[in-house]
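First comes the structure, then the notes that go with it.
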Amino acid sequence: MAKLTKKQKEAAAKIEKNKLYSLKDASALIKEVASAKFDESVDIAVKLGVDPRKANQMVRGVVTLPHGTGKDVRVLALVTPDKEAEAKAAGADHVGLDDYLQKIKDGWTDIDVIITMPAVMGKLGPLGRVLGPRGLMPNPKTGTVTMDVAKAVEEVKAGKIDFKVDKTGIVHAGIGRISFDAQKITENAHEIIQTLIKLKPTAAKGTYIKSIHISSTMSPAIALDPKAV
């Protein structure tokens, strides 16, 4: 097991063991324990009482964070020529079709989100092995396959993210930066937690929200009281 650095030990000492914090207190504390010289990402991990192996207990959705992610999201719009102008006007970083499909086929994935149109999805199928593992494959359920390309680009740029429960039953998501004030971290975290609650599958039995932790890139995780969010 790797030894903790002096800064990591100091950070861990500020977090009370076995204590469940309110979301408001945890959002303030995460700023105290962050010690890196760069603007760390703030992440949330929510353990759900679901069995992701069962289709009727899969939890997947989208949420627009009130204060965005703090990250400059790189968007590729794979669209037909008639949609290129509106995609560019909406703020897409890369716009085109066949040239970019070839670049992806050759291994280029220097992007965060791909937005495309229903008519183009057939061309993306063969690239599933490249895009799938990286979470880049567009999906109508997350709003990344649409005829309203401009709106989709604007929403992603404004802080719309998609999430999916992993095979261990945990939803991970970036909810901001350590440079955000505590109130913005609180409000972003609250938004995704409430969205998860609304998405509770009817087949899920027992405790749905089992645990919630927030952490920054280099800090220990802080446990939240699921009843105080």
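Name the residue farthest towards the positive end of the dipole of the chain from the options Met121, Gly49, Gly107, assuming +1 on Cβ of Lys and Arg, -1 on Cβ of Asp and Glu, about the Cα centre.
Value: Gly49.
Pick from Ala158, Ala45, Ala89 the residue whose mean-square fluctuation is largest in a GNM of the chain, springs joining Cα atoms under 10 Å.
Ala89
Report, to the nearest whole %, how much of the accessible area of segment 71-220 belongs to carbon and sulfur atoms, 1.4 Å probe, protein only.
Details: 3860 of 7560 Å².
Percent of accessible area from carbon and sulfur atoms in segment 71-220: 51.
Under a straight-distance cross-link criterion of Cα-Cα below 18 Å, which lysines are reachable from Lys205, leaving out those fewer than 8 residues away in the same chain?
Hits, sequence-local ones excluded: Lys47, Lys54, Lys167, Lys227.
Only four residue types carry charge here, +1 at the Cβ of Lys and Arg and -1 at the Cβ of Asp and Glu. Report the dipole size of the chain about the Cα centre in Debye, rounded to the nearest 20.
Values: 36 positive and 27 negative charges, 236 e Å.
The calculation lands at about 1140 debye.
For the chain, find the longest principal axis of its Cα atoms and tell me its angle to the long axis of helix 23-33, 0 to 90°, nearest 10.
Helix 23-33 sits roughly 90 degrees off the main axis of the chain.
Starting from 0 in steps of 10 Å, tell me what percent of the Cα-Cα pairs of segment 73-156 lands in each bin.
20, 60, 20, 0
Note down the accessible area of His213, probe 1.4 Å, to the nearest 10 Å².
Looks like 70 Å² after rounding.
With a 10 Å cut-off between alpha carbons and a GNM built on the chain, which of Leu124, Leu48, Leu76 moves the most?
Of Leu124, Leu48, Leu76, the most mobile in the Gaussian network model is Leu124.
Give the relative contact order (percent, whole number) for segment 73-156; include only Cα pairs under 8 Å separated by 6+ residues. Let's see the in-between values first.
Values: 122 pairs, mean separation 31.0, N = 84.
Reported relative contact order: 37 percent.
Relative contact order (percent) for the chain, with alpha-carbon contacts under 8 angstrom and 6 or more residues of separation? The partial results should precede the final answer.
Values: 404 pairs, mean separation 92.4, N = 229.
Relative contact order, the chain: 40 percent.
Using only Cα atoms, find the angle between the long axis of helix 149-158 and the longest principal axis of the chain, and express it within 0 to 90 degrees, rounded to the nearest 10.
Tilt of helix 149-158: around 20 degrees.
Please give the FRET efficiency for Ala203 paired with Met121, using the beta carbon to beta carbon distance and R0 = 35 Å, rounded to the nearest 0.05. Each step should come with its number before you reach the end.
Details: r = 29 Å, r/R0 = 0.83.
With R0 = 35 Å, the Cβ-Cβ based efficiency is 0.75.
Taking the structure as given and computing mean projected area of the Cα convex hull in nm², which label from [x] 14.3; [y] 13.0; [z] 11.2 fits?
Given [x] 14.3; [y] 13.0; [z] 11.2, the structure-derived one carries the label [x].
What does the charge count near Ile15 come to, summing +1 for each Lys or Arg and -1 for each Asp or Glu among other residues with Cβ under 12 Å from its Cβ? Working shown, then result.
On the way: positive: Lys9, Lys14, Lys17, Lys19; negative: Glu10, Glu16, Asp25, Glu32.
Net local charge, Ile15 excluded: 0.
Mind checking the per residue accessible area of the chain for me, 1.4 Å probe, whole number of Å²? Numbers along the way, then the final one.
On the way: 12440 Å² over 229 residues.
Using a 1.4 Å probe on heavy atoms only, each residue of the chain averages 54 Å².
Mean projection of the alpha-carbon convex hull of segment 169-217 over all orientations, in nm²? Walk me through the intermediate numbers first.
Numbers: hull surface 15.3 nm².
Answer in nm², one decimal: 3.8.
Given Cβ point charges of +1 (Lys, Arg) and -1 (Asp, Glu) and nothing else, what value in debye, to the nearest 20, does the dipole of segment 73-156 about its Cα centre take?
Values: 10 positive and 12 negative charges, 73 e Å.
It comes to approximately 360 debye.
Note the angle between two axes, namely the Cα long axis of helix 182-198 and the longest principal axis of the Cα atoms of the chain, as a number of degrees from 0 to 90, rounded to the nearest 10.
70
Towards the positive end of the charge dipole of segment 73-156, with charges on Cβ (+1 Lys, Arg; -1 Asp, Glu), say which of Ala87, Val73, Thr142 has the farthest Cα.
Thr142
Which percent, to the nearest 5, of DSSP beta bridges fully inside the chain are antiparallel?
On the way: 22 of 31 bridges.
If I count the DSSP bridges inside the chain, around 70 percent turn out antiparallel.
Tell me, rounded to the nearest percent, the portion of alpha carbon pairs in segment 31-99 spaced more than 14 Å apart.
Details: 1781 of 2346 pairs.
Distances greater than 14 Å cover 76 percent of the Cα pairs.
The values are calculated or read from the model by the stated rules, or taken from the named source; none is laboratory data. None of the values given here were measured: they were computed from a predicted structure. Cβ sites come from the backbone with ideal geometry, for glycine too, and all protein chains shown count toward neighbours. Ligands, DNA and RNA are stripped out before the accessible areas are found, and what is left, the full protein with its side chains, is counted by its heavy atoms. Shrake-Rupley method; radii C 1.70, N 1.55, O 1.52, S 1.80 Å.
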